[in-house]
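The values are calculated or read from the model by the stated rules, or taken from the named source; none is laboratory data. Since the model is a prediction, treat every value here as computed from it, not as a measurement. Heads up, the Cβs are rebuilt from the backbone with ideal geometry, glycines too, and the neighbour counts pull from every protein chain shown. To get the accessible areas, we keep the full protein, side chains included, count just its heavy atoms, and leave off ligands, DNA and RNA. Shrake-Rupley method; radii C 1.70, N 1.55, O 1.52, S 1.80 Å.
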Amino acid sequence: MVETDPGPKKPHNCDVTSDHRLNGPGSKTAELGVVPSLKTPVKYDPEKGSNSEKADFERAIELAGYGRFHYMLLAVCGLVSTSEEMDVISMSFILPSAQCDLNLTTQTKGWLNSIIFIGMMVGAYAWGSVADSLGRKRVLIAISVVNALAIVASSFSQNFELFMLFRFINGAALGGSGPVIWSYFAEFQPKKKRGAMLSFMAAFWTLGNLFVAGLAWVIIPSEIGGTTGGFVYNSWRIFLLVMSLPSFIVAALLFLLPESPKFLITTGRHDDALEVFRGIYMMNTGRSKEEYPVKQILVDEPMHTKPEKQIEAKEPKSKMRKMLSDIVEHSKQLFVPPILKFTAISITINFTFHIGYYGLMMWFPEMFNRFDEWSRANDNAEADICQVTAYVTQYGTHSAEASCDSHIHSDVFMESLITVAAAIPSNIFAVLGMDRLGRKFFLVFATFSAGLCSAAMYFVYNKTNNLIVSAIFSSVISCGNASLDCLITEVFPTNLRATGVAVSMVAARLGGIIGNVVIAALLDSYCPAPTFIVAALLAGGGLMCLFLPNTTRQALQ
């Protein structure tokens, strides 16, 4: 241990441990020439070395190192994100197969696509608020279990109404998954790596899309399953059952991870947060917990909630009453300046972005199926999307006179797989460039490019053109999704982060609902409208991010 000169004796009434700012430049301590002894630890000073016993969150997570723990965290949180996307996008592959079993029309398909988003709207706010009150980890485990059970139940549903009910419950669980998992993951990341790692986790959405398309290709056309009396359990239901497995796995894996240290600090549980940092340090470095240099957590931001022990002593409320009180208080703070500006812009961007993202992405398999039907019936003749739609609804499988046909040709699955695989290069680009070029650059670039692709869909004249434009749209919108997730996660303060992201997700799900219902209503009756509406909303919404603060490589609030 290196000894330091204690300097002049410190006056008894000068408490250097009460506030780390007393040791800063221009403070009375500095003016007196006082150098704190080793018995009085001070905040880390990069000029004096890293053997500091006090640190704020950013320094504490940095001193814990970066390694095995963070890669395990990425794997588990990434699987949560993968599972969420699989559950949402799986419906787009189920619809063409289930149309005979559930007597679906274009309009009821639109509502089936939308019901999961209605559930997500309800769940996002509720789960996000609970996570800001009770913690991230417990909420994520509950969400995963409810989600898995709802998917299993929906696979056994034999009519449209019951299927809608369980898909709603499925959506209510998924609604909490997004805001909570992003808050949880971000709160373990040092600021220098946060953008890249959040972009990396966003890439798991693409992985989810690939898994769904691949599994749908293998399972749905196989015609496995059977019928017993009036009970039908065919291939698309088995495909849905398989979709529940990631959620069960995630629920088990989450038990291996700790609570968010940032959340623990914000709620006054500093000793628990310090123990989490020690565990991360031990796993990343292979050293013992006792060697972790930080012994005390400094809080640079005002406390928004009281420590748990203080609450128990002074406020003998039930946990439920306290949780409801916290939910109301967190919600109020989102709509009061200065946070109000962030909330309003975040809601607008998410609403417009997800009208395009889910409005088109969930209809791609249906459009591929329609182009495939036109090509087979008309010897690959050229036709735009409106001519194809008119033929399918008047003379093809969607006409009133046609007998129901739920068979899907393998070309449709191949085209869907190519479309989602096109997002892989853009996700790699986002991971490498998010902390260099910034969140706003990626979001504006992606929304403008996706808007152009949406408008271009009106001008495609064969299935190859349709595939190319769809693939480019998938690529750039995926890149935009990564930047939007980063920006919205970082812009809210810790005590409001899950609630803030949840409110943004409510707007996103509302966009998904409107996108699906409007496209379903207009696609068959007024074909050109959906593509140009989506184009305008994407381009306009993307510009709104310019009014948000820069969060690239900045400390979490």
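List of remarks:
- Taking every protein chain into account, the 1.4 Å probe leaves Met434 with about 0 Å² of accessible area, to the nearest ten.
- A simple spin-label model places pseudo-atoms 7 Å from Cα toward Cβ; at Ile428 and Gln296 they are separated by 4.9 nm.
- Here each label is just a point 7 Å from Cα along the line to Cβ, and for Ser525 and Asp272 those points are 5.3 nm apart.
- With DNA, RNA and ligands ignored, accessible area of Leu149 (1.4 Å probe; Å², nearest 10): 100 Å²
- Length added when fully stretched, Ala381-Phe335, from 0.36 nm per residue minus Cα-Cα: 11.1 nm
- For Leu546 and Lys193, the difference between the fully extended length at 0.36 nm per residue and the C-alpha to C-alpha distance is 124.8 nm.
- Cβ-Cβ distance of Tyr395 and Ala456, R₀ of 30 Å, FRET efficiency by 1/(1 + (r/R0)^6): the value works out to about 0.65.
- Using R0 = 22 Å, the C-beta based FRET efficiency linking Asn159 and Ile249 works out to 0.15.
- Two-site label geometry, Ala75 and Glu58: point separation in nm, points 7 Å out along Cα→Cβ: 3.1 nm
- Inter-part distance where the range 429-492 and the range 218-271 are each reduced to a Cα centre, Å: 28 Å
- Of Glu62, Glu382, the order by accessible heavy-atom surface (1.4 Å probe, DNA, RNA and ligands excluded), from most exposed downward, is Glu382, Glu62.
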